[in-house]
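Peer 1: After the structure tokens below, expect a handful of questions from me.
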Amino acid sequence: MDNTIALVMIVRDEEAHLERCLNSVKDEVDEIVIVDTGSRDRTLELARHYTQKLYTYQWTGNFSTARNYAIERASSGWILSLDADEELDVAAGELRALVQNNNGCEAFFLPLFSQADETGSCFSRSLVLRLFRNLPDYRFSGRIHEQIMIERPGVVGITDAPVIWHRPVAAKERNQKRARNLNLLLQAVEADPANSFLQYYLGLEWLGLQKPARALECFQRTCRELDDSNVLFRAPAVLYRVHCLKVLGQLDEALCICLEESSRYPSYSDLFFEGGVLLELKGEYAVAIRWFKEALNCGTPPPLFTHTVGTEGFLALYHLGYCSEQLGQLEEACDYYKQALAANPDYIYPLYSLFLLERYRSAPPDVFQHFRKTGYLRTFQQAAALAELFFASGRPDIALLCLKECPSSWDCRCLPQIIRFSTYGGEPEHALSLVNEFEATCRIFDVSVAVHRIVALLLVNDSPTARKQALRLWRKPEQRSEAWALLNLVSLYSGHTWCGRPEKPRERAVIKLVLDILEDCLRSSAAPIAPGDRREKVDYARLAKAAMKLLADLSAEGCTALTDYLKSKAEALRQTLDKQHRLARRLYK
């Protein structure tokens, strides 16, 4: 039989994602068919670089008809269906080998990994039917969240590779799609009110729109009406139901569901993990530990179960560390945190907990040596996280050492961070030289670098050049708010008067930037300064006073923001002292 493969897509206004998607798969397929449903950006222009099989389709509000129109224009023996915000993670020849050695299968469920955020440290795994023979039997149905209907389950296989990755999109784009999806789903539900699958998808949209009570009704109905022959939908509906109850504060009811459903699905690590989280929220740490350990024992659930990767590993270990810490079992907590980092070095939250525990026991230089010896400065993510922690605790000098220890850190990714640490670490002259290096090597504009340069110029008492740089920033319309804040900060720092007040819509951005500068100045000036510390020669207190005056005189909103900020600093100090006291009692009891 014909084992050629066609990538088939429908797109609209996808210039931000399309190239990344097509580059991931172009060498693994024989044909690319793209149907555009009304793009107003460069989508079609970009698509022409990959295929001549471009078609336009009048959008009717029905995803299935558009996808089926696209399939009918493919001549290959197999269809691979992707969305523009997805990528195929595939080894060379892997996709072709799958269809050639199909063992009688006419369609395949592929694993879909959905990133929770840009870090990629947390993601979920589900199955989607995206690879199938180009036969009349395999067509999409459903106005929205369309599916390939399976008439003969025996010819459908499940594979663990290749993997489809769904990348997170910007909040604005995500909300626009949710509003569109909700409208289409409500229409579909009205036409087919008995469809449990539509209720499931409707629940997802309500949850995404932060309407947990409405979402809960949908998931409850899904769980009630679907049996285990549809575990692909029922299992995640159970988890979403628990999540909705948790958000609504109904922890006991959510825990009852975990107890009931975990007996039904005894190998589902996600359920035991969620039960542990609920108990943790209730302060029942000892019982929560038993649930997290059971999640570890479960291991990875069967492929048909939607799964948050890590509930059977690094996520459970992190929460075991937290619960142990709350029980005063500090050595056990440290051990769990280290196991979590070993299981997933990109999941850096355990590093924060380890830092705090070590910081309460040792002086900053000793803490740095501890993390250096234990190898937590070898990856960029870990080195950058520890650098931020040392900087936040008033040691920008050690923050710089963290980045110097990491071989891959001195590049365009972290130069803005290094510039910031140098600016507030008593080395504004060095920061200015690094700005020149950044502009020469990276050749990109970074507003944070522009801000740090102006602050560094003020700290070396070069107000005229600082003002010129702020005016240069003013010429970029999208940076007017930052420029306005900096121009006035330069004027007040130099002992002059206001340059003028911003337009009201810019006020929030102005306040945020000035508060950020104030925070960094206070970190540097408030921390103890050892003999020979270069911060001794830099007047951060003067810049902090100028920032506070700017906020106090700006407007009622600025004054309120300053007051709230100072209150939060006082409360944070109180909590830190309280935690130090509790930890000291645990350490030295």
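The values are calculated or read from the model by the stated rules, or taken from the named source; none is laboratory data. Because the structure is predicted, anything quoted here is derived from the model rather than measured. Don't worry about glycine lacking a Cβ; one is built from the backbone with ideal geometry, like all the others, and counts go over all protein chains shown. Accessible surface is based on the protein model in full, side chains and every heavy atom, while ligands, DNA and RNA are left aside. Shrake-Rupley method; radii C 1.70, N 1.55, O 1.52, S 1.80 Å.
Peer 1: In this structure, does G276 turn out to be modelled with pLDDT under 95, buried (at least 24 other Cβ atoms within 10 Å of the Cβ) and of a type in the set (G, A, S)? Talk me through it step by step, then tell me what you get.
Peer 2: Numbers: modelled with pLDDT under 95: no; buried (at least 24 other Cβ atoms within 10 Å of the Cβ): yes; of a type in the set (G, A, S): yes.
Criteria not met by G276.
Peer 1: Being open to solvent by less than 30 Å² (accessible area, probe 1.4 Å), small (G, A, S) and closer than 19 Å to Y352 by Cα: is that true of A295 here? Even if it seems obvious, please write down each step before you answer.
Peer 2: Details: open to solvent by less than 30 Å² (accessible area, probe 1.4 Å): yes; small (G, A, S): yes; closer than 19 Å to Y352 by Cα: no.
It is false that A295 is open to solvent by less than 30 Å² (accessible area, probe 1.4 Å), small (G, A, S) and closer than 19 Å to Y352 by Cα.
Peer 1: In region 87-107, is there at least one residue being within 21 Å of Y200 (Cβ to Cβ) and either of a type outside the set (G, A, S) or loosely packed, with under 15 Cβ neighbours inside 10 Å (or both)?
Peer 2: no
Peer 1: Residues being outside any helix (DSSP H, G or I) and more than 28 Å from C105 (Cβ to Cβ): count how many of those fall in region 12-49. Full working, then the answer.
Peer 2: Filtering region 12-49 down to residues outside any helix (DSSP H, G or I) leaves 12-17, 29-42, 48-49.
Within this subset, residues satisfying the condition of being more than 28 Å from C105 (Cβ to Cβ) are 12-17, 36-42, 48-49.
Residues flagged as outside any helix (DSSP H, G or I) and more than 28 Å from C105 (Cβ to Cβ) within region 12-49 amount to 15.
Peer 1: Please enumerate the residues belonging to region 241-268 that are of a type in the set (G, A, S) and either open to solvent by 10 Å² or more (accessible area, probe 1.4 Å) or part of a loop (DSSP other than H, G, I, E, B) (or both).
Peer 2: We begin by selecting, within region 241-268, every residue of a type in the set (G, A, S); these are 249, 254, 262-263, 267.
Listed by number, the residues that qualify are G249, S262, S263, S267.
Peer 1: Looking at E280, E274, can you tell me which residue is among the charged types (D, E, K, R), in a helix (DSSP H, G or I) and under 20 Å from G203 (Cβ atoms)? Give the steps one after another, and end with the answer.
Peer 2: On the way: E280 fails: under 20 Å from G203 (Cβ atoms).
Only one candidate qualifies: E274.
Peer 1: Would you pick out the residues in region 70-84 that are more than 20 Å from I164 (Cα to Cα) and either acidic (D, E) or surrounded by fewer than 18 Cβ atoms within 10 Å (Cβ to Cβ) (or both)?
Peer 2: Hits for region 70-84 are E72, R73, S75, G77.
Peer 1: So is E388 on the phi < 0 side of the Ramachandran plot, of a type in the set (D, E, K, R) and more than 22 Å from the chain's Cα centre (by Cα) or not? Please lay out each step first, then the result.
Peer 2: Values: on the phi < 0 side of the Ramachandran plot: yes; of a type in the set (D, E, K, R): yes; more than 22 Å from the chain's Cα centre (by Cα): no.
No.
Peer 1: Right, next: Give me the residue from region 132-149 that is crowded, with 18+ Cβ neighbours inside 10 Å and under 28 Å from the mean Cα position of the chain (by Cα) and, out of that set, nearest to L341 (Cα to Cα). Break it down stepwise before answering.
Peer 2: From region 132-149, those crowded, with 18+ Cβ neighbours inside 10 Å are 132-134, 138, 140, 142-146, 148; that's our starting set.
Among the residues that remain, those that are also under 28 Å from the mean Cα position of the chain (by Cα) are: 144-146.
On the way: I144: 40, H145: 37, E146: 39 Å.
Only one residue tops the list, namely H145.
Peer 1: Among the residues of region 35-48, is there at least one that is within 25 Å of D160 (Cβ to Cβ) and open to solvent by 50 Å² or more (accessible area, probe 1.4 Å)? Spell out how you get there, then give the answer.
Peer 2: First, the residues of region 35-48 that are within 25 Å of D160 (Cβ to Cβ): none.
Looking for residues that are within 25 Å of D160 (Cβ to Cβ) and open to solvent by 50 Å² or more (accessible area, probe 1.4 Å), one finds none in region 35-48, hence no.
Residue-by-condition table, conditions (1) modelled with pLDDT of 95 or more; (2) closer than 23 Å to C412 by Cβ; (3) out of contact with any helix residue (DSSP H, G or I) (no Cβ under 9 Å at 6 or more places or on another chain); (4) not in a helix (DSSP H, G or I):
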| position | (1), (2), (3), (4) |
| --- | --- |
| F438 | no, yes, no, no |
| R480 | no, no, no, no |
| R508 | no, no, no, no |
| E519 | no, no, no, no |
| L522 | no, no, no, no |
| P528 | no, no, yes, yes |
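Peer 1: So, one more: Could you go through region 150-169 and let me know if any residue there is out of contact with any strand residue (DSSP E or B) (no Cβ under 7 Å at 6 or more places or on another chain), open to solvent by less than 30 Å² (accessible area, probe 1.4 Å) and without any contact (Cβ under 8 Å) to a residue 40 or more places away in the chain.
Peer 2: no
Peer 1: Show the residue pairs meeting these rules: Cβ distance below 8 Å; 6+ apart or different chains; first residue within region 548-577 and closer than 20 Å to R508 by Cα; second residue open to solvent by 80 Å² or more (accessible area, probe 1.4 Å) and outside any helix (DSSP H, G or I).
Peer 2: Matching pairs, first to second residue: L554/R501; S555/R501.
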